[in-house]
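I have placed the structure first, in the form of structure tokens, so that the comments after it can refer back to it.
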Amino acid sequence: MEERIRVENLTKKFGDVTVLDGITLSLKKGKIYGFIGRNGSGKTVLFKHIIGYLKPTGGRVVVDGKEIGKDQDFADHVGMIIENPGFLGRYTGYQNLKYLADIRHIIGKEQIRESMRKAGLDPDSKKRVGKYSLGMRQRLGIAQAIMEDPDILILDEPMNSLDYQGVEDVRNILLDMKNAGKTILISSHHKEDIDLLCDCVYEMERGRCKEYR
């Protein structure tokens, strides 16, 4: 199966603290990869390096044959939730996504509406995001991550604040995207999500990454 992401001996230090310690991974198309570990184990920092938000102290990240930070600053065709999604509270969910979509001009109104429906939101709702519950904000974050039909999806704790139906909706989205050949990385503290969704699971501890199953 074709490789999409390669991480080679990736190291990151903040001052004297080593957060990532020589991580090497090969992540392929059409797979869901789970990352588990305690808070502070390096999962979010690893994700930010793959996207291009952080530059490594040593090693490199290659996405679709291009080295991040050298051949291009950021990985292309990536949807993500990294930490809490931030939206403009005085606008509706649809207006928020339309504003973001207009920056890149890749998709139109129907793709935005469809992503909201998949995430369990009504694109015609007049409710402002400032009035959303935490679960609705998380659903909107999922809709944003998938709306441009990315090749890579990176989700840091995607099930946070979701009710049972929301979890089921997100699981179905991820499995559909996997079947479409996407590469998906998720971190989760929920063992059931990892067990049901992931083809391969990595455990992170003290900046090291080892295959868990």
If amide H atoms are modeled at 1.01 Å from N in the peptide plane, then the residues at a separation of 5 or more from L20, or on another chain, having amide H under 5 Å from its own are K12
Tilt, helix 93-104 to longest principal axis of the chain (alpha-carbon atoms), in degrees rounded to tens, equals 50 degrees
Restricting to aspartates and glutamates and to Cα separations under 15 Å from K210, and discarding same-chain partners fewer than 8 apart, the set is E8, D21, D199
Its Cα gyration tensor gives segment 86-149 an equivalent ellipsoid whose semi-axes in whole Å, largest first, are 17, 12, 10
For the chain, the dipole about the Cα centre with charges only on Cβ (Lys and Arg +1, Asp and Glu -1), to the nearest 20 debye, works out at 500 debye
Percent antiparallel among DSSP beta bridges confined to the chain, rounded to 5, stands at 50 percent
For K48, counting only lysines whose alpha-carbon sits under 17 Å away and dropping same-chain residues fewer than eight positions off, the answer is K12, K13, K66, K70
Segment 20-71 and segment 90-169 have their Cα centres apart by a whole-number Å value of 25 Å
Listed by chain and number, the residues whose amide H is under 5 Å from that of L185, excluding neighbours fewer than 5 places away on the same chain and using placed H, are Y33, L153, I154, L155
When the chain is treated as a Gaussian network with springs between alpha carbons less than 10 Å apart, the largest mean-square fluctuation among E110, E148, E203 is found at E110
Taking a crude spin-label model, label points 7 Å out from Cα along the C-beta direction, the R171 to K191 distance in nm is 1.6 nm
So, relative contact order of the chain in percent, Cα under 8 Å, 6 or more apart, is 29 percent
Mean separation of Cα contacts under 8 Å (at least 6 apart) over the residue count of segment 1-108, i.e. the relative contact order in percent, is 24 percent
Expressed in µm² per second, the diffusion coefficient of segment 1-141 from the Stokes-Einstein equation, with Rh the Kirkwood radius over alpha carbon pairs, at 25 °C and 0.890 mPa s, is 142 µm²/s
In nm, the gap between the two label points placed 7 Å beyond Cα toward Cβ at T11 and C200 is 2.4 nm
Beyond 18 Å (Cα-Cα) in this structure, taken from K98/K127; K28/K118; K29/K178; K43/K178, we find K28/K118; K43/K178
Between T24 and D102, Cβ-based FRET efficiency (R0 45 Å, step 0.05) works out to 0.70
Extension length gain for L88 and E211 (0.36 nm per residue less Cα distance), in nm, is 40.4 nm
From DSSP H assignment alone, runs of 4+ in the chain each adding -39500 (n - 2.57), the sum over residues rounded to the nearest 500 puts [θ] at 222 nm at -9500 deg cm²/dmol
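Computed from the coordinates by the stated procedures, all read-outs in this text should not be read as laboratory data. Please read these numbers as outputs of a predicted model, since none were measured by experiment. Please note: Cβ atoms are built from the backbone with ideal geometry, for glycine as well, and neighbour counts cover all protein chains shown.
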